[in-house]
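Asks: Just passing along the structure, written as structure tokens.
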Amino acid sequence: MMPAVQDMAVHLSDRHFRTIAELIEGQVGIKLPQGKRLMLEGRLHKRVRALNFSDLNEYVDNLFGAEHFDTELTHLIDVVTTNKTDFFREPQHFTFMRDVAIPALLKLHGRKNANLKIWSSASSTGMEAYTTAMVLDDMTRNGSRFQYRILGTDISTAVLRLAKTAIYTRDVLAPVPEPFVKRYFLSSRDKSRGEVRVVPELRRMTHFMRMNLMDASYPVDRDVDIIFCRNVLIYFERETQRKVIEQLCSHLRPGGYLLVGHSESMIHSAVPGLKQVQPTIFKV
Ligand SMILES: C[S@@+](CC[C@H](N)C(=O)[O-])C[C@H]1O[C@@H](n2cnc3c(N)ncnc32)[C@H](O)[C@@H]1O
């Protein structure tokens, strides 16, 4: 039976879906199973309309010839990435950082005024990086002596824009302890907007840049103290996961920590030199 005219316009053909899936897996490492097809079609419509294509397939046909292929790839990446994150997500990592990792790292630094480097390597909108900043700032207020810098990187430009502004809707503050809400967030003057912004003191310590974990090398220091790589490896094939972990570990100082998401706890097995401290916490 012939598909309805409307169906032809709103769905990707098998071939066009495969084209996008192969492009995304090759460039970003993310697998796009058939189950993601409807989501992809739904999210691409806006872009197809903005570029005046008659339907999704015409958009895909013109993708590779596009003068602005890089721009289109950036849009596609924003569309296919899952950016879910939270402040204090998987909070046991932040407790471990405060009670175990930082004290151990300070001993390794062996100086009074250590300069700790923390990297949130799939930062999404920055909540992981700013949670780290809150915990570290709180430690220094309670007598720990160190300085710190936090780097957030992600492949999606849309989330990085948000991370840099550090403006969020008030409802995302639910997991943040009340004293931290008062100390580390400013409310918008216009209360009807319901927005908050991370205070400048923490923003100054936190920087964001675009980086693809699939790249052959990362433009990041090689003496990082703690790397967060949470809830991103699950989207990659096993061999890609192994390469990414191996490369991330080469950016850790000896004794540095790698923290992965709770569904990624088995991932370490193929990386030599990586010791498991707790199910989702590793040390080099
Ligand atoms: C589900 S979010 C996790 C955010 C945060 N780490 C957390 O656990 O709350 C996954 C993030 O990984 C990013 N990402 C996916 N593939 C990537 C790649 N190849 N390189 C860098 N970031 C990537 C996505 O853009 C997204 O923001």
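The values are calculated or read from the model by the stated rules, or taken from the named source; none is laboratory data. Just so it is clear, the structure is predicted and the values come from calculations on it, not from any experiment. Cβ: placed from backbone, ideal geometry, glycine included. Neighbour counts: every protein chain shown. Keep in mind that these areas ignore ligands, DNA and RNA; they rest on the heavy atoms of the full protein, side chains included. Shrake-Rupley method; radii C 1.70, N 1.55, O 1.52, S 1.80 Å.
Asks: Straight distance only, please: which lysines reach the Cα of Lys31 with their own Cα at less than 23 Å, same-chain residues fewer than 8 apart left out?
Replies: The qualifying lysines are Lys46, Lys84, Lys243.
Asks: Determine the percent antiparallel among the DSSP beta bridges restricted to segment 92-283, to the nearest 5.
Replies: Counting only bridges with both partners in segment 92-283, antiparallel ones make up about 40 percent.
Asks: Next question, about the same structure. Which residue fluctuates most in the GNM of the chain (Cα springs below 10 Å): Arg242, Arg149, Arg193?
Replies: Result: Arg193 has the largest fluctuation of those listed.
Asks: Can you order the peptides 202-210, 136-144 by their average number of other Cβ atoms within 10 Å per residue, highest first?
Replies: Ranking, from highest mean packing down: 202-210, 136-144.
Asks: Express in nm, to one decimal, how much length is gained between Asp215 and Ser54 on full extension, taking 0.36 nm for each residue of separation and deducting their alpha carbon distance.
Replies: That works out to 54.5 nm of additional length.
Asks: Would you look at the GNM of the chain, springs on alpha carbons closer than 10 Å, and say which of Pro219, Pro175, Pro200 moves the most?
Replies: Taking springs between Cα atoms under 10 Å, the residue moving most is Pro219.
Asks: Also: To the nearest 0.05, what FRET efficiency results for Asp86 and Glu41 with a Förster distance of 35 Å applied to their C-beta separation?
Replies: Taking R0 as 35 Å, the efficiency between Asp86 and Glu41 is 0.80.
Asks: Pick from Phe96, Phe87, Phe236 the residue whose mean-square fluctuation is largest in a GNM of the chain, springs joining Cα atoms under 10 Å.
Replies: Largest GNM mean-square fluctuation: Phe96.
Asks: While we're here: As a check on your grasp of the helix formula, calculate [θ] at 222 nm for the chain: sum -39500 (n - 2.57) over DSSP H runs of n ≥ 4, divide by the residue count, round to the nearest 500.
Replies: After summing the helix terms and dividing by residue count, I get -11500 deg cm²/dmol.
Asks: Under 29 Å from the Cα of Lys112, which lysines turn up, not counting those fewer than eight places away in the same chain?
Replies: Output for Lys112: Lys275, Lys283.
Asks: Something else: Can you tell me the length gained on complete extension of the stretch Arg204 to Ser144, counting 0.36 nm per residue apart and subtracting the Cα distance?
Replies: 19.7 nm
Asks: Still on this model: Where only protein heavy atoms count, and the probe is 1.4 Å, what is the accessible area per residue for the chain in Å²?
Replies: 51 Å²
Asks: Sticking with this structure for a sec: For Ser263 and Glu237, what is the calculated FRET efficiency with R₀ set at 22 Å and r taken between the beta-carbons, to the nearest 0.05?
Replies: Using R0 = 22 Å, I get an efficiency of 0.90.
Asks: In segment 182-284, carbon and sulfur make up what percent of the accessible area (probe 1.4 Å)?
Replies: Using a 1.4 Å probe with all protein chains present, segment 182-284 comes out at 52 percent carbon and sulfur.
Asks: Also, quick follow-up: Would you mind calculating the gained length between Asp61 and Ser187 on full extension (0.36 nm times residue separation, minus the Cα-Cα distance), in nm to one decimal?
Replies: Once the chain is fully extended between Asp61 and Ser187, it gains 40.7 nm.
Asks: Continuing with the same structure: Per 10 Å bin, what percent of the C-alpha pairs of the chain does each bin hold, from zero upward?
Replies: 6, 26, 30, 22, 12, 4, 1, 0
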